[in-house]
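Shown next, in structure tokens, is the structure this report addresses.
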Amino acid sequence: MGKKAQIRMSESIAIMIVFFVLLVFGIVFYSQIERRNIGVAISSSQDLKAVEVAQVFSFLPEVQCTKENIVINNCFDLMKLESLRHWVDPDNAGTNPVEQYYYPMFLMSKLTVRQIYPDAGEMVIYDLEPPGGEWTKSAATQIPVSLYNATGDPVAGRPPFYAFGYLEVEVFSK
């Protein structure tokens, strides 16, 4: 009876070892899948934050085009953009009271308006990039907009005109 009991005990131990090895493999596999899913969720939330910042900026009265006090959708006034750019001066990063007003809306981000047609150009409106390398990830989004130049081009004798461009929003995160 002693040998049969030892054999059965060895079989039970071998089955338990196989069970625990399979359990460890299952836990490792599950944790890798969850880590990947969490990475996708974080990336998705970063993209949503970039879209949210773009929408907030697009609906600011400080930049919207108006005609007889009626807002024109997806249109930025270039004179208003230039004024806002000077108010939110990147040389005074963190100390400018106007920048502190806009920080809760724009967070750590870079807002650039790029004109494509008829002339190419770009204007960085808000640029609060994180210092050093602690914030490494960024999510960017572009939204097409119409750009209104109320002064036209006095040198070329051009009347006020609309141009085509896009708003590029880059939001930084850790």
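If r is the Cβ-Cβ distance from F29 to T151 and R0 is 45 Å, what FRET efficiency results, to the nearest 0.05?
According to the calculation, E is roughly 0.10.
Give me the count of lysine pairs in the stretch 39-173 whose alpha carbons sit under 20 angstrom apart, restricted to pairs 8 or more positions apart or on different chains.
5
I need the P(r) histogram for the stretch 1-85: all alpha carbon pairs, bin width 10 Å from 0 out to the longest distance, whole percents.
Once binned at 10 Å, the Cα pair distances of the stretch 1-85 give 14, 19, 13, 12, 11, 9, 8, 7, 5, 2, 0.
Looking at the stretch 46-88, which GluC sites (Glu not before Pro) are in a loop (DSSP not H, G, I, E or B) and have at most 12 other Cβ atoms within 10 Å?
Counting only loop positions with at most 12 other Cβ atoms within 10 Å, the GluC sites (Glu not before Pro) in the stretch 46-88 are E68.
Taking the chain as the reference, fit the longest principal axis to its C-alpha atoms, fit the long axis of helix 97-106 to the helix C-alpha atoms, and give the angle between the two in degrees, 0 to 90, nearest 10.
For helix 97-106, the angle is close to 50 degrees.
What spacing in nm lies between the two simple spin-label points modelled at H86 and I72, each 7 Å away from Cα in the Cβ direction?
Label at H86, label at I72, 2.2 nm between them.
All other residues with a Cβ under 15 Å from the Cβ of K49 taken together, and with Lys, Arg as +1 and Asp, Glu as -1, what is their net charge?
-1
To the nearest 0.05, what FRET efficiency results for K137 and R36 with a Förster distance of 22 Å applied to their C-beta separation?
Working: r = 16 Å, r/R0 = 0.73.
Once rounded, the FRET efficiency stands at 0.85.
Test of understanding: in a Gaussian network model of the chain with alpha carbons linked when under 10 Å, which of L60, L84, L48 would top the mean-square fluctuation ranking?
Looking only at L60, L84, L48, the biggest GNM fluctuation is shown by L60.
Since every read-out is calculated from the coordinates, none of them should be taken as a lab result. Quantities reported herein were computed from a predicted structural model and do not represent experimental measurements. Every residue, glycine among them, receives a Cβ derived from its backbone with ideal geometry; neighbour counts consider all protein chains shown.
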